[in-house]
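*Asks:* Have a look at this one before I ask anything.
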Amino acid sequence: MNRDNRLIALALFLWGMGEGLFIFIQPLYLDQLGANPVQIGEVLSAFSLMAALSFLPAGIIADRAGRKRVIVSGWVLGAVSGVAMALAPDLRLFVPALLVYGTTAYVMPALSSYIIAARGELAPERALTSVYAGYSTGSILSPALGGEIGKLLGLRTVYGVAAAFFVVSTLVILLIRSQPVERSVTGLRYGALLRQRSFLGLCALFFFVFSVMGVGLPLAPKYLKDVRGLDVAAVGWFGSAQTIGAVLLNLSLGRRPARRVWVASQALLFLSTLLLWQGTWVGWLGLAYFLRASYGLARTIANVLAGRVVAPHQHGLAFGLVETIISLSYVGVSYLAGQLYTRNPEWPFLVTLALLPLTMGLSWFLAPRPARAQVPEAALGAGAPVERPLE
């Protein structure tokens, strides 16, 4: 990796240290503040909606004004909202701060575009999985640490420690260099992209797949607390198992063909969901969380697949659309998970288990293959260079 991607990996490591402290126990903190399962699902749904609404504008700005501006602004806003969450004493103030924090996900399209542009000789999938492994590495011990801090000092303290990591991470990201704005000869032709059937079909596939993958995720910590009788410290340790899985899965599978990894990630989540639903031994539950990291791997590979069918100068918008689709899917499934959980805590898992075999079959046949990874000339515009297959 070059200097800038190393800095991004370090900034992500520090951010992972901070976010990992609370992200896995967040439903438990909302529960402590007085939210019921339906309200928790609604808050997490709104959180994803705020992220979804921010991706497209940020992707367009990244393509037009430069990626660094978008990345730095998101880091600063994330640090400020992290401090606000730490200071909020109740749901009335905590939820707005959490929703603002959710909007900072808009950095993802610009960040992915930046990493790919700065990848040097690395393949795009290898560059993305390697740099994003910095976040996962930072999150290895922090979930367990967050659970222990929450058990000893209270969950609110966890957010204060996280905010400190966010501030340091922001100082690091300020050091990356600006990249030139990439344009085709005929300018940014978003209309051609949005009329491109292969890309839109891929987005439809993403929406269905991530909707199915996400149903069993939001209230899993509450399931472990309510049904399995585990405390916040145990859930924190499971979160560390998930981040270890994220590092190992990204580094081991990141170099494999993207379409195969895309299907394999769904198979791994199927096994994870099955273990969460039926597992009673703590070792099986730890393995379930380890395999839950396949959701994040699938999200990274989704950008790689999208990058196969769009031009480089359209990466910002394309990745913004992909992240919007994924977040919108989570909006619906978070609300659905809350409704299902109130009726039967096992139902969110059963929905995922019933539909994942279907999504794996569709993904295998519909995801773009390397031989077809040619960007249509209509998307590029006259005189623009045609991108080579990504693998």
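The values are calculated or read from the model by the stated rules, or taken from the named source; none is laboratory data. Worth saying up front: this structure is predicted, and the values here are computed from it rather than measured. Reconstructed Cβ throughout: ideal geometry from the backbone, glycine too, with neighbour counts over all protein chains shown. Side chains included, ligands, DNA and RNA excluded: accessible areas come from the protein's heavy atoms. Shrake-Rupley method; radii C 1.70, N 1.55, O 1.52, S 1.80 Å.
*Asks:* Summing -39500 (n - 2.57) over the DSSP H runs of n ≥ 4 in the chain and dividing by its residue number, what mean residue ellipticity at 222 nm do you reach, to the nearest 500 deg cm²/dmol?
*Replies:* On the way: 19 runs with 298 residues, N = 391.
My calculation for the chain gives -25000 deg cm²/dmol from helical runs alone.
*Asks:* First measure r as the distance between the Cβ atoms of L358 and R92, then evaluate 1/(1 + (r/R0)^6) with R0 = 35 Å and state the FRET efficiency to the nearest 0.05.
*Replies:* Details: r = 41 Å, r/R0 = 1.19.
Given R0 = 35 Å and the Cβ-Cβ separation, E is 0.25.
*Asks:* Next question. Tell me, in nm to one decimal, what length is gained between F365 and Q39 on full extension, where the rule is 0.36 nm per residue of separation less the Cα-Cα distance?
*Replies:* 113.6 nm
*Asks:* What number, in percent, do you get for the relative contact order of the stretch 1-154 if the mean sequence gap of Cα pairs under 8 Å and at least 6 apart is divided by its residue count?
*Replies:* Values: 167 pairs, mean separation 71.4, N = 154.
Reported as a whole number, the value is 46 percent.
*Asks:* Which lysines does K151 reach when only Cα atoms under 27 Å apart count, and residues fewer than 8 places away in its own chain are ignored?
*Replies:* Of all the lysines, those that pass the test against K151 - Cα under 27 Å, at least 8 places apart if same chain - are K222, K225.
*Asks:* Taking the chain as the reference, fit the longest principal axis to its C-alpha atoms, fit the long axis of helix 155-173 to the helix C-alpha atoms, and give the angle between the two in degrees, 0 to 90, nearest 10.
*Replies:* Relative to the chain, helix 155-173 is tipped by roughly 20 degrees.
*Asks:* In nm, what is the difference between 0.36 nm times the number of residues separating A267 and F208 and their Cα-Cα distance? Don't skip to the end; give the middle numbers.
*Replies:* Numbers: separation 59, 0.36 × 59 = 21.24 nm, distance 1.53 nm.
Separation in residues times 0.36 nm, less the Cα-Cα distance, equals 19.7 nm.
*Asks:* Continuing with this model, one more query. Would you please classify the overall shape of the stretch 61-144 from the alpha carbon gyration tensor, given that a ≥ b ≥ c denote the square roots of the eigenvalues, rounded means a/c under 1.5, and beyond that prolate means a/b larger than b/c while oblate covers the rest?
*Replies:* Values: a/c = 3.59, a/b = 1.61, b/c = 2.23.
The shape class here is oblate.
*Asks:* Please work out the FRET efficiency for the pair V168 and S73, using the Cβ-Cβ distance as r and a Förster radius of 22 Å; give the result to the nearest 0.05. Kindly include the intermediate steps, with their values, before the conclusion.
*Replies:* Details: r = 18 Å, r/R0 = 0.80.
Efficiency, from the Cβ-Cβ distance: 0.80.
*Asks:* If one takes the longest principal axis of the Cα atoms in the chain, at what angle in degrees, from 0 to 90 and to the nearest 10, does the Cα axis of helix 232-253 lie?
*Replies:* 20 degrees
*Asks:* So what is the relative contact order for the chain, in percent, with contacts set as C-alpha pairs under 8 Å and at least six apart?
*Replies:* On the way: 712 pairs, mean separation 111.5, N = 391.
With pairs under 8 Å counted, the relative contact order is 29 percent.
*Asks:* Determine, for each peptide in 257-269, 91-103, 277-289, 323-335, the mean count of other beta carbons within 10 angstrom over its residues, then list the peptides with the highest first. List each step's numbers first, then the result.
*Replies:* Numbers: 257-269: 21.2, 91-103: 18.2, 277-289: 16.2, 323-335: 23.3.
Result, highest mean Cβ count within 10 Å first: 323-335, 257-269, 91-103, 277-289.
*Asks:* Can you work out the FRET efficiency for the pair L99 and D231, with r the C-beta to C-beta distance and R0 = 35 Å, to the nearest 0.05?
*Replies:* With a Förster radius of 35 Å, E is 0.80.
*Asks:* Could you sort 243-251, 213-221, 336-344 so that the peptide with the highest average Cβ count within 10 Å comes first and the rest follow in order?
*Replies:* Values: 243-251: 22.4, 213-221: 25.8, 336-344: 18.3.
Per-residue Cβ counts within 10 Å, averaged per peptide and sorted highest first, yield 213-221, 243-251, 336-344.
*Asks:* With a probe of 1.4 Å, find how much accessible area the chain has per residue, and write the answer as a whole number in Å². Each step should come with its number before you reach the end.
*Replies:* On the way: 14980 Å² over 391 residues.
Each residue of the chain exposes 38 Å² on average to a 1.4 Å probe.
*Asks:* Ranking request for peptides 113-123, 140-150: highest mean number of other beta-carbon atoms within 10 Å first, then the rest in descending order. Write down the numbers at each step before the final one.
*Replies:* On the way: 113-123: 19.2, 140-150: 23.7.
Result, highest mean Cβ count within 10 Å first: 140-150, 113-123.
*Asks:* Still on this structure, please answer the following. Classify the chain as rounded, prolate or oblate, taking a ≥ b ≥ c as the square roots of the eigenvalues of its Cα gyration tensor: rounded when a/c is under 1.5, otherwise prolate if a/b is larger than b/c and oblate if not. Working shown, then result.
*Replies:* Values: a/c = 1.78, a/b = 1.38, b/c = 1.29.
Verdict is prolate for the chain.
*Asks:* How big is the stretch 1-83 on each of its three principal axes, counting only the C-alpha atoms and giving the largest first in Å?
*Replies:* Cα extents, longest axis first: 45, 27, 21 Å.
*Asks:* Which angle from 0 to 90°, rounded to the nearest 10, does the C-alpha axis of helix 67-87 make with the longest principal axis of the chain?
*Replies:* Around 10 degrees separate the two axes.
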